[in-house]
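The values are calculated or read from the model by the stated rules, or taken from the named source; none is laboratory data. Computed from a predicted model, the values in this text were never measured in an experiment. All Cβ positions, glycine included, derive from the backbone under ideal geometry; neighbour counts span all protein chains shown. With ligands, DNA and RNA removed, areas are computed over all heavy atoms of the protein, side chains included. Shrake-Rupley method; radii C 1.70, N 1.55, O 1.52, S 1.80 Å.
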Amino acid sequence: MSICLMFFLTAFQLWSQNALPSSEKAFAEFQKISDSISIDFPEDDIKTYRRSSFSESQLQNYLSLHYKRLDLLKYIDGHHSFVLDSYLHSGNWFMEVGFPKESIKSYLDFFKYYRAHEDDLTEKERDAYIEMLTYARSMLAQSYAELNELDLAEIQHKKNLEYTKSLDYIYYPSALNNYGLFFYWHKKDLNSAMRYFQKAYTITKATYPNHTLIGSIRDNIADIHIEYGDYLKAQPLYATNFEFFKTAINEKTHAKDIPRLISAGAQLTTANAYLNRFAEAQRTFKQLEAIVVSNEARNSLGSNSKLEFLEAKEFLLKQQNKISEAYATSQKIKAFADSLQFISKIADEKWQAKLNDAIVDRIAINFKIDRIQKENMIKSQRTKLWFSGILSSVFIILLIVLYLNRRQHLVNAKNKQLLAEQKFENTTLKVEQLNTEIKCKERDLSDFAIRLTQDQDWAKALADQLSVIKQADAKEREALIEELDHKISNKISVDTNTREFFERLDKLSNTFYSKLTQNYPDLSKNEIRLCSLIRLKIESRSIATLQNITLASLNTSRYRLRKKLNLSESTDLDLFIQNL
């Protein structure tokens, strides 16, 4: 029996290994795919996060390979920082290229994995993830907002505020600023937006006055003033930002933030022109024009920055009543904007088409995985059938041995009885001994029937547990197999059958059958067997199981038996049969 059990466990482990990749195999495959991707699109290169960087074939290949990587992450154990960084990179990439639904999935996987494995990280690793956690939470909120799921977005903003409130660095005012932008852009609640901008500005000005975040907050506050039509309050904020971004160095790129500088100059020019401060507006515009020309010569001027510059120029010319020049600038803006819109539309169409192709590829990959798993399942079922055949053969052999042993015992008992009849002086003693043996065998038969019922229930439970093991993940499967091993080791019994039981029952109840047939000739064979089972004091549920009928059917059979035995309602059927 132990050999069969070892074989079963070995076969099951082999099936599990074939059905799912190991952690190290998945890790190696992930790195192999990443190396292939990084040849053209390294993860630390800004071009990887821009739609315009990809050709059609490159996009299709990138998405297909990226989805394959994501599918491998769930099999990788131990490399916690690696898995976290991979989920974060995926969320950032999808967010930057404009796929908020996909970015949400990756960010949620990032947070789920971090919660599950936070205790496995070193203190240094946990410190390093502080900024990533608050950034991912902010991006997750933004993705929800872009899908117009504002309630979910607000939940994430509040979680970010709660998380960053006790942190020392710029994270808390940054979270406040992002929450303000949520009210400004998506809820159109200017009062709430201003409240959070002001709170963020107060903290940043007091603790981190040289951080570039303060320029963003000033810009947001000034924009709220513009929404209210209060250019007088907005103008000094734009002026401060224009001077600030001339020297401020971005904390991540370690370079001047030229787009923010141009934006601040354009906003200041517009505000001064609106307030009819044309001298100041003209002076600011000259400085702004020099910055734009310089960056345009270096081919480092962004399209949005150029558009902001042209719009500020057009507004200034209109305010100065230079209609023809303003009109010429307006035409430039229209041509430039149309060009940008056309390029963007083409890029969007290409990306959408290739995204669909990538999804189809992913479905095809999943189909192949399903097919492989089904093939492994079929192999597993064949292994189980082979194991069941071996186990059944062992059971049958054991039953034959038991049957031959009991048959030999009966032959010996009969010989002893013949010998006892020949020896008159020992007749009484021998008869008592035979009666004792018969009672023992009846008790054995009763116990045998009960064990048979219990074994049937146990076999069903074993089948259910095997089904659970198949559906469990890799971690749970090992524990479930160990539990199954323990249960099987504690219960190794003989799997007999009902036909063998009734054959033995008929042999041991021969005398009782003869008496029943003589007194009640109308009884059927099943009714005679029912009487024999009742005589052995077997409970009704076990009798129903042995006869393969329900309890309701058994009660009907007992009622018919009472009629054929001519028993009154006051007579107990069980006591009557046991006293026959």
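Just a few scattered comments:
- Residues in the stretch 394-407 carry Karplus couplings, in order, of 4, 4, 4, 4, 5, 5, 4, 4, 5, 4, 5, 5, 5, 4 Hz; the curve used is 6.51 cos²θ - 1.76 cosθ + 1.60 with θ = phi - 60°, and Gly or Pro positions show x.
- Note on residue 580 and residue 462: with the Förster distance fixed at 41 Å, the Cβ-Cβ geometry gives a FRET efficiency of about 0.55.
- Accessible-area rank, largest first, for 79, 89, 254: 254, 79, 89, with all protein chains present and a 1.4 angstrom probe.
- For a paramagnetic label modelled on residue 322 (point 7 Å from Cα along Cα→Cβ), amide N atoms under 13 Å away belong, within the stretch 246-286, to 278-279, 281-286.
- Rounded to the nearest 0.05, the FRET efficiency derived from the C-beta distance between residue 382 and residue 68 at R0 = 41 Å is 0.85.
- Cα gyration tensor, the stretch 94-141 - rounded (a/c under 1.5), prolate or oblate: prolate
- If R0 is taken as 51 Å, the Cβ-Cβ distance between residue 555 and residue 162 corresponds to a FRET efficiency of 0.20.
- When each of 74/487; 423/507; 507/563; 101/475; 252/318; 32/105 is checked by Cα-Cα distance, pairs over 32 Å: 252/318
- Heavy-atom accessible area order for 124, 105, largest first, 1.4 Å probe: 124, 105
- Scanning residues 5 or more positions from residue 536 or on other chains, none has an amide H under 5 Å from its amide H, with H placed 1.01 Å from N in the peptide plane.
- Pairs from 158/187; 205/246; 313/334; 188/313 whose Cα-Cα separation, in the structure shown, is over 21 Å: 188/313
- Label sites at residue 403 and residue 290, each approximated as a point 7 angstrom past Cα along Cα to Cβ, lie 11.0 nm apart.
- Charge sum, other residues only, whose C-beta stays under 12 Å from residue 30's C-beta, Lys/Arg counted +1 and Asp/Glu -1: 0
- Rounded to the nearest whole Hz, the Karplus-based 3J(HN,Hα) values (6.51 cos²θ - 1.76 cosθ + 1.60, θ = phi - 60°) of the stretch 65-77 follow the sequence 5, 5, 5, 4, 4, 4, 5, 7, 4, 5, 9, 8, 10, with x at glycine and proline.
- Cα-projected label distance for residue 541 with residue 519, points at 7 Å along beta-carbon direction, nm: 3.1
- Taking all protein chains as they are arranged and a probe of 1.4 Å, the heavy atoms of residue 205 leave approximately 120 Å² accessible to solvent.
- Rounded to whole Hz, the Karplus (6.51, -1.76, 1.60) HN-Hα couplings of the stretch 551-564, x for glycine and proline: 4, 5, 5, 4, 4, 5, 5, 5, 5, 5, 5, 4, 4, 5
- Nonlocal amide H pairs with residue 256, under 5 Å, H built at 1.01 Å: 250
- Between residue 570 and residue 155, the modelled label-to-label distance comes to 7.2 nm, taking each label 7 Å out from Cα in the direction of the beta carbon.
- By average C-beta atoms within 10 angstrom, highest first, the peptides 477-486, 155-164: 155-164, 477-486
- Largest to smallest accessible area among 129, 201 [probe 1.4 Å]: 201, 129
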